[in-house]
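Trainee: Take a look at this one; I'll ask things after.
The values are calculated or read from the model by the stated rules, or taken from the named source; none is laboratory data. As the structure is a computational prediction, the values presented were derived from the model and not from experiment. Using ideal geometry, Cβ is built from the backbone for each residue, glycine included, and neighbour counts are taken over all protein chains shown. SASA here: full protein model, heavy atoms, side chains in, ligands and nucleic acids out. Shrake-Rupley method; radii C 1.70, N 1.55, O 1.52, S 1.80 Å.
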Amino acid sequence: MTTIEKARQLDELDGLQKYADEFYKKEGQIYLDGNSLGLLCKRAEQSVHTLLNSWKDYGIDGWTNGEHPWFYFSEKLSAMCAPLIGAKSEEVMLTGSTTTNLHQLLATFFKPTAARYKILADELNFPSDLYAIASQIALHNLPESSMQLVKSEDGQTITTEAIIEAMTDDVAVAVLPAVLYRSGQVLDLQAITEAAQERGILVGFDLCHSIGSVPHHLHEIGADFAFWCNYKHLNGGPGSVAGLYVHEKHFGTAPGLAGWFGSAKEKQFDLDVSITAAPHAGAYQIGTPHILSLAPIEGALSLFVEAGIEAVREKSLALTQFMMDCIEQELPNTFTFGNPLDDTRGGHLFLVHDEAARICKTLKEYGVVPDFRAPNGIRLAPVALYNSYEEVWQSVQILKEIITNKTYEKHENKRDIIA
């Protein structure tokens, strides 16, 4: 049985609870939308000030002087980030945005032939990935049918078997999410990668909804490439610089979209007509690093360096399990769980209810910040580094009050998008 006393007992035993004080949490608010945008932490704020002051103090010399010389800043952050995805530091680069990095990776690795000309994706993937895939296919003057989508049987999850079955002989590259953005299902990256390799298919993963909440072992399993944003579970700030991973077996593959910051550092300022690409993932950078958008990531990542991704995952699973237990106890037969009920769920829950939009609006009015997904989904993400078990208990009590008293009915029955 779940109780407020049980929640407080779990908080007392929580080794990560100390990190909650590192974040700016609004008084009277329970923030459960960290899977869309993580909260600002004090270290991220400080690193922004540090990088801003380096501009003020050094001017152009900030590229090579100061606490964080800009010329090597992306590499420093990449080394901090690499353990979160099980990669070597030289296989990671923080650069660009999620979608531009996907464009770069497809421009580099999608080399269609008469026999292999399809890109495999899935129908539940975040649409931006599908837009990028479609545009890459169009650039090669291929038919729209060259994007092959894995189908979902239940509209929420996708089986490994369905993915492997879709790996037909005409597929050149597969681009799949590590965690489905709606249901939070964690895909079996190892099984998928092994199946792709057996079939001669390159495979890449979108880590947007997994990095910072689910550990990965990309180098070990041999995944070819990956890409992600840093503003969700990693708390890098709105629109912060994204990241990419390229397995070392592909080092030396010319970037499909070349730019001067993809140069080898020692040759970059030679400004030769032909690029000498970096001998690692840095080759897939394009333009000058966005230093002030990279800045908060340094402070945010330092928390993960200390806490460790395995401890974060352990608490994340425990928090989401506790929330499911609370919901089942306090609101039986009210919601359908669209997320997996076992350890194959990521860092958030997905509650299905016909009144999801109006419930989300009302939750915000009560101080609980959820995330609505049309047409009938409520995403709730108790984040390991700053949410507590007591907050989970309280949020479910508020949800119970809203459902029991039907206070959501005061809102018009419109399924507006809630960010």
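Trainee: So, ALA162, is that one open to solvent by less than 20 Å² (accessible area, probe 1.4 Å), in contact with a strand residue (DSSP E or B) (Cβ under 6 Å, 6 or more places away or on another chain) and closer than 27 Å to ASN35 by Cβ or not?
Mentor: Values: open to solvent by less than 20 Å² (accessible area, probe 1.4 Å): no; in contact with a strand residue (DSSP E or B) (Cβ under 6 Å, 6 or more places away or on another chain): yes; closer than 27 Å to ASN35 by Cβ: yes.
When the stated conditions are applied, ALA162 does not pass them.
For every residue, the table says whether it meets (1) assigned to a loop (DSSP other than H, G, I, E, B); (2) open to solvent by less than 30 Å² (accessible area, probe 1.4 Å).
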{"position": "SER145", "(1), (2)": "no, no"}
{"position": "GLN148", "(1), (2)": "no, no"}
{"position": "SER152", "(1), (2)": "yes, yes"}
{"position": "THR157", "(1), (2)": "yes, no"}
{"position": "MET167", "(1), (2)": "yes, yes"}
{"position": "SER183", "(1), (2)": "yes, yes"}
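Trainee: Within region 190-199, restricting attention to residues that are under 19 Å from ILE133 (Cβ atoms) and not β-branched (Val, Ile, Thr), which residue is surrounded by the most Cβ atoms within 10 Å (Cβ to Cβ)?
Mentor: Step one: list which residues in region 190-199 are under 19 Å from ILE133 (Cβ atoms), which gives 192-193, 196, 199.
Remaining after also requiring not β-branched (Val, Ile, Thr): 196, 199.
Details: ALA196: 24, ARG199: 15.
Looking at residues that are under 19 Å from ILE133 (Cβ atoms) and not β-branched (Val, Ile, Thr), I get ALA196.
Trainee: Go through the residues of region 15-36 one by one and say whether even a single one is surrounded by 13 or more Cβ atoms within 10 Å (Cβ to Cβ), assigned to a loop (DSSP other than H, G, I, E, B) and of a type in the set (Asp, Glu).
Mentor: Within region 15-36 (the criterion being surrounded by 13 or more Cβ atoms within 10 Å (Cβ to Cβ), assigned to a loop (DSSP other than H, G, I, E, B) and of a type in the set (Asp, Glu)), the answer is no, since none of the residues qualifies.
Each row is one residue, and each column tells you yes or no for (1) surrounded by fewer than 23 Cβ atoms within 10 Å (Cβ to Cβ); (2) within 23 Å of LYS25 (Cβ to Cβ); (3) modelled with pLDDT of 95 or more; (4) more than 20 Å from the chain's Cα centre (by Cα).
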| residue | (1), (2), (3), (4) |
| --- | --- |
| ALA307 | yes, yes, yes, no |
| ILE327 | yes, yes, yes, yes |
| HIS348 | no, yes, yes, no |
| VAL369 | yes, yes, yes, no |
| ASN376 | yes, no, yes, yes |
| LEU385 | no, yes, yes, no |
| ILE398 | yes, yes, yes, yes |
| ILE403 | yes, no, yes, yes |
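Trainee: Exactly one of (1) open to solvent by 40 Å² or more (accessible area, probe 1.4 Å); (2) aliphatic (A, V, I, L, M); (3) within 30 Å of GLY59 (Cα to Cα) is unmet by LEU341. Its number?
Mentor: The failed condition is (3).
Trainee: Which one is nearest to the chain's Cα centre (by Cα) among residues in region 209-260 that are among the charged types (D, E, K, R) and open to solvent by 10 Å² or more (accessible area, probe 1.4 Å)? Walk me through how you get there before you give the answer.
Mentor: The initial filter retains those residues of region 209-260 that are among the charged types (D, E, K, R), namely 220, 224, 232, 248-249.
Applying the additional criterion that residues be open to solvent by 10 Å² or more (accessible area, probe 1.4 Å) yields 220, 232, 248-249.
Values: GLU220: 20, LYS232: 6, GLU248: 22, LYS249: 24 Å.
Taking the candidates together, the pick is LYS232.
Trainee: Still on this structure, I have one more. Look through PRO296, PRO255 and report the one residue that is farther than 29 Å from GLY38 by Cα, in contact with a helix residue (DSSP H, G or I) (Cβ under 7 Å, 6 or more places away or on another chain) and not β-branched (Val, Ile, Thr). Don't jump to the end; show me each part of the working.
Mentor: Values: PRO296 fails: farther than 29 Å from GLY38 by Cα.
Every option except PRO255 fails the conditions.
Trainee: If the requirement is being within 19 Å of SER210 (Cβ to Cβ) and touching a residue at least 12 places away in the same chain (Cβ under 8 Å), which of these qualifies: SER97, SER74? Outline the logic, then answer.
Mentor: Values: SER74 fails: within 19 Å of SER210 (Cβ to Cβ).
Only one candidate passes the filter, namely SER97.
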